[in-house]
Amino acid sequence: MGLRETGGWSEWELTPAQIMALDECRYVQVRPSRRAGWCRLEALDWVGAARIGRGEAQVRLSVLPKVDVDRLLHLLGYTDEKYLEDGGPADATPRSDLLPAVARAYTRAAQRALRQGVLLGYRETDAAEPVLRGRLRAGAQMTRRPGLPLPLEVTYDEHTVDIPENQLLLGAALRLLRVPGVEGRRRTALHALAAHLDGVAPPVPGTPPPTWRRNRLNARYHRPLALAELILGGASYELEDGRAVTLDGVMFQMWRVYEAFLSRALGEALTRRAGGTYRQQDRSHFLAPPRKYVLNPDLVHYLPAPTGGRRVAAVVDAKYKHGFHRDDLYQMLAYCVRLGLSDGHLVYAAGRPDKVHVPVAGGEVRLHRHVLDLNQPPHRLNQHIDALAETVLACPAP
């Protein structure tokens, strides 16, 4: 069953059990049809492929993005326009099947990262040893082995391949191997990637993925890790009661993909031009003291403060929406007032740019509404990001 993201209603002949299975998932809207044994379906803002339901109720659902697959791959991994391998251009033919293309992009990015070998790191390990290694856990020794001199309960740092970065790479490879539609050479490459990561424990399905931090030591892993997190995040979703549901497939929620791409690409462009640092999904600010009603802008750019420390220089929020909404203005106004800024920036995926002037005590706040056309070729999209960074930096400093 093939649908297109927000592509309107279409009719499908399905069994009552299949209709119920689709009605219970969050990827499509289901409405009755006038024809017996048929229903009307409309895809929402998820794209990808998954098997929905079990047994006779199972349906294979595929949802293509509004933007073409190559554009989406650029957003997913924030990678080069062409996926380069051994110095030569990759196949530039436009692809219509999303998941094989994601598997291809991921395996190539991971293979490039692993050409210099598997990344090693230190992991804190608790163990019982015949000799003192690291530091003694006195409490555990007295509780577990009272009066016994050996073995010793110790904690030490182990130099190992079993670190979060490698766990994510392996977890994404194993996830893609279970996805319908990934076949042939891609499966062979994914199996080879998993074998290369021998000694690494994959993430446990249904549990939060391992956390990692960007640094110079893992810089060559950054691109495949960005894809790996999206692949693992797209392999499950959370119910309203907080329970995690594991999918038989991979589905990407487009507004999350857009937010992740914009905040990272624009954050890097701002720091290249003006220095400082940036934070994505910055939850360090609150609407009311002391720590009530957390704010969560998609991007906050910081510059050094004249008196030391750092100051907020810009705030940006990504909106994967059609048309502008007043609630977005209220949200950005709250960010600006609380962060002490005179300018706030909303970046939409469609619409027309404009600016709203809001009078406040002692002056005004300017709410800029920008538009980023995702249907541009990747190199033009990057140019648009650079131009957007210049616009943000041109606003008066607080």
### Task
Work out the length of the dipole vector of the chain about its Cα centre, built from +1 on the beta-carbon of each Lys and Arg and -1 on the beta-carbon of each Asp and Glu, and round it to the nearest 20 debye.
440
### Task
Specify the residue with the greatest mean-square fluctuation among Leu262, Leu176, Leu388, computed from a Gaussian network of the chain linking alpha-carbon atoms under 10 Å apart.
Leu388
### Message
Let me make sure I get this right: for segment 1-64, a, b and c are the square roots of the gyration tensor eigenvalues over alpha carbons, sorted descending. Under 1.5 in a/c it's rounded, otherwise prolate if a/b > b/c, else oblate. Which is it?
### Response
oblate
#### Entry: Taking all pairs of distinct alpha-carbon atoms in the chain, Kirkwood radius in angstrom
24.0
### Summary
Rh (Kirkwood, all Cα-Cα pairs) for segment 255-394, Å, reads 15.4
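With 19 Å as the limit, write out which pairs from Lys319/Lys355; Lys292/Lys321; Lys321/Lys355 have Cα-Cα distances beyond it, or answer none.
Lys292/Lys321
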### Query
Say the dipole of the chain comes from +1 at the beta carbon of Lys and Arg and -1 at that of Asp and Glu; which of His325, Ala17, Pro398 then lies farthest toward its positive end?
Pro398
### Query
When every alpha-carbon pair in segment 121-160 is counted, what percent end up more than 15 Å apart?
35
### Query
Rounded to the nearest 500 deg cm²/dmol, what is the calculated helix-only ellipticity per residue at 222 nm for the chain, with -39500 (n - 2.57) per DSSP H run of length n ≥ 4?
-10500 deg cm²/dmol
### Message
Which one, Cys39, Ala138, Asn296, projects farthest toward the positive side of the charge dipole computed for the chain from Cβ point charges (K/R +1, D/E -1)?
### Response
Ala138
### Message
Which residue fluctuates most in the GNM of the chain (Cα springs below 10 Å): Pro16, Pro359, Pro304?
### Response
Pro359
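Rule-based calculations on the coordinates, nothing more; no lab input. All values derive from a computational prediction rather than experimental measurement. All Cβ positions, glycine included, derive from the backbone under ideal geometry; neighbour counts span all protein chains shown.
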